[in-house]
Each structure stands twice: as C-alpha cells, then as structure tokens.
1. Running Debye on region 155-238 with equal point scatterers at the Cα sites and no solvent, what base-10 log of I(q)/I(0) appears at q = 0.11, 0.24 Å⁻¹?
2. When every alpha-carbon pair in region 222-319 is counted, what percent end up more than 20 Å apart?
3. Extending each Cα 7 Å along its Cβ direction at Cys195 and Arg178, get the distance between those two points in nm, one decimal.
4. Step through the residues of region 186-198 one at a time and calculate ³J(HN,Hα) from phi using the Karplus curve (6.51 cos²θ - 1.76 cosθ + 1.60, θ = phi - 60°), rounding each to whole Hz and writing x for Gly and Pro.
5. What is the gain in length, in nm to one decimal, between Ile202 and Asn77 on full extension, counting 0.36 nm per residue of separation less the C-alpha to C-alpha distance?
6. Any idea how far apart Ser269 and Gln211 come out in nm if each label point goes 7 Å out from Cα toward Cβ?
7. To the nearest Å, what is the center-to-center distance of region 183-226 and region 254-281, using C-alpha atoms only?
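Derivation of every value follows stated rules applied to the coordinates shown; laboratory data play no part. Predicted model, so just to flag it, every value in this text is computed and none were measured. Please note: Cβ atoms are built from the backbone with ideal geometry, for glycine as well, and neighbour counts cover all protein chains shown.
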Amino acid sequence: MRTALGRNAFETVARKSGSPRATGRHPACWIIAPLTTSGTEHHRVSAPTALKPGGSGKASRHSADDADIHEQRMGPNTILSVTDMDKVKWGPATVVRNDAQTLDGSVRVLHLSVADHVDMLYGRRVKAVPDATRWIESYTVPGQCVGVRVLAPDGASAAPEPPRRLYSIASSPYASRRDSAYVDASLIEIVVERCSSPEDAILAELGPGSQLEVTQVVGRGFCSLLDSYNGLTQALEEGRNLVLIGLGTRGMAALRSALTWQPVLAHASSHSVSALYVAHSAGRAAFLSEWDTWRDAGMRLRPLYTNPGAGLDDNAVVGTPGASSGAASASGGSAELDHDRCMELLQLALFMQPGGLE
C-alpha cells in the first residue's frame, strides 16, 4: 500500500528520536533539511512561524528572546523572511569554472566570483578597518542559498526583482571564507542541472569569464523539520545526532556544504551523522567522487533512487517497484522527481531499513 511521509510520519520520528514534542528535553536525533517550498525544489525563506510537513503553520514554541539569539547568528545582510524578498539586492559575479559532477554531464558545478571589494579605513589610531561588511560574511550556515540570473544581451543589469529560482551554495562556509580571504571577491559554488529548466540550461552552458548577477545570501540553512528556529548550529552545540535530508540536485548541493563543513566533520567523530539523498538515478547523482570521503569521515550517506538502474551504490534504497515508480519511469527523461515515489523512499529509509535512525 502506498503511503505518504506527511505530518503523522514526522511526528512518529519525533517520538522515536526523543524530540521536545515527546519529552520536553533535548532530542537525541534531529531530522533537518533546507527549508523548501511545497511541491518544488525551490528554497523557502522561513517566516517567523514553523510549518509542519503536511500541516498548517503554527507559532514557534520559542520565546522572542530565543528567536533573537538565533537571528544574531545569521550574517549581517542575510534575507530571512519571504516578506523581504522584494528588497533583494543584486550584485555582479563572474563564472570562474564550469565542471561536470554527474556521469552523464547533466549536472554542472559553477564556481562563481562575487564582486566583494571593501574599502579599508586608516587613521591615527586605526589601521585597515573595513568600512562595510563583506558579502561572504552573510554565509554562515550550510543550506543557505542565492538567486542567480544572466545579464541582458546588452550587458545591462535588469530591474531589481525577486529571484525566480534559488540555488543552494554547494561549498561550505569555511571553504568559501578561506578561498575568499585574500581576494576582493567572494568565491562560492552552485549546482545547476541542464535539463531542469530553461534558466538552468543557459547557466549550464556558461564558460569562464561569463557575467552574472547574484543576490545576497538567503535563508537560515538547515533547520529542524519540526521547528524552523532550531538550526544546524544549535544541534551541533547540544550534541545531537543528525539526519540530513536532500531532495534532488539542489538538495545534494546543500548536503555537500554540510558534509564538508568542519563543525559537522568534527561532530561525526563522536555522534551519528546520516544523510538521505533522493535522486533520479545513479547516473544523475551528484558528487559521486566525494561520497567515499564523507563515509571515511564517519558519516552515513544513503542514496534513494526513484528510477534505479545499473551501478547502484551498496547503501542505496530503491524499494519495491509499484504504481508510483511506474509513473516515474514513464517520465524518465525529465529531471523532475516523482513526489509520491520520493515520499515512499524516505519513509522506507527512515522507518523500514535496519538502523534507519541509528
């Protein structure tokens, strides 16, 4: 029988993992993912209410003081609310490299250099004090994202408007800050899929030197599915086991930024860190060359394929073919993931596999 991984299923996870809903104390395991809009791969910027999967929005259980503490951990120019998207600022960026990250070459990693020159102030008592914050200082938590758009044919900037699509930053905050330390630019990586949309198809063909526009950093990054104000940094500080969930290409970009982040790597040496990655097939799975490195570091990566084929990973979850998988096969040429099949695979990985939440 086909089931959906909705509100009741995640409440079961909460009870099994000892979340505040069940015990009122610190949970032993958190299931967290980048906040996304329902039914799409686009990221949703969290509003001041926590939306439960399959349910309606309810006020966060945290007090105003708790919310203030969480907000202070975000970067200085980060967009946190959907109500602020109409005030988004665009800045110039340049493509440095365009690398393939799947076996079929459909998924590309764009290495971007975002203009980030800051003048330094000098005086009798101060030396080399920046007069503004750098763009990269807003990128503090894995799972945050940016909007990207191509310049007009004449090279002119388009009118300010909210981004149509948001792309997870695939490089970790540490790696981006390290690479940007001695240059007048912020260096980040994003992932695009050639067959995902017309916009992605254009971005996938860009070569070094191509000019783009990039927004300021958007979102809170990885957050608890049960409470958007509980983030990845808080889970690490409280010593909780982690289950990270990524859906599709953008989900893997966010997972990669978390699994290569030094605090998560250190956390994996003494706590359980698991990642569930839902992908179309092994041929379209991104960053395959890095999977063994993450596993050697103590993290469990389990791919979930909606259209499994040859060359499956030993830890892959494919389930039992059914009605929804047949529907997915019928659209095998599309980059879109079958929603019902994704929910079945997530439920199978979380509840029906041995040690799913260990």
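1. Debye curve over Cα of region 155-238, log10 I(q)/I(0) at q = 0.11, 0.24 Å⁻¹: -0.44, -1.35.
2. 35
3. 3.5
4. Those phi angles translate into 9, 9, 9, 10, 10, 10, 10, 10, 4, 9, 7, 6, x Hz.
5. 42.2 nm is the gain from fully extending Ile202 to Asn77.
6. 4.7
7. After rounding, the separation between the Cα centres reads 20 Å.
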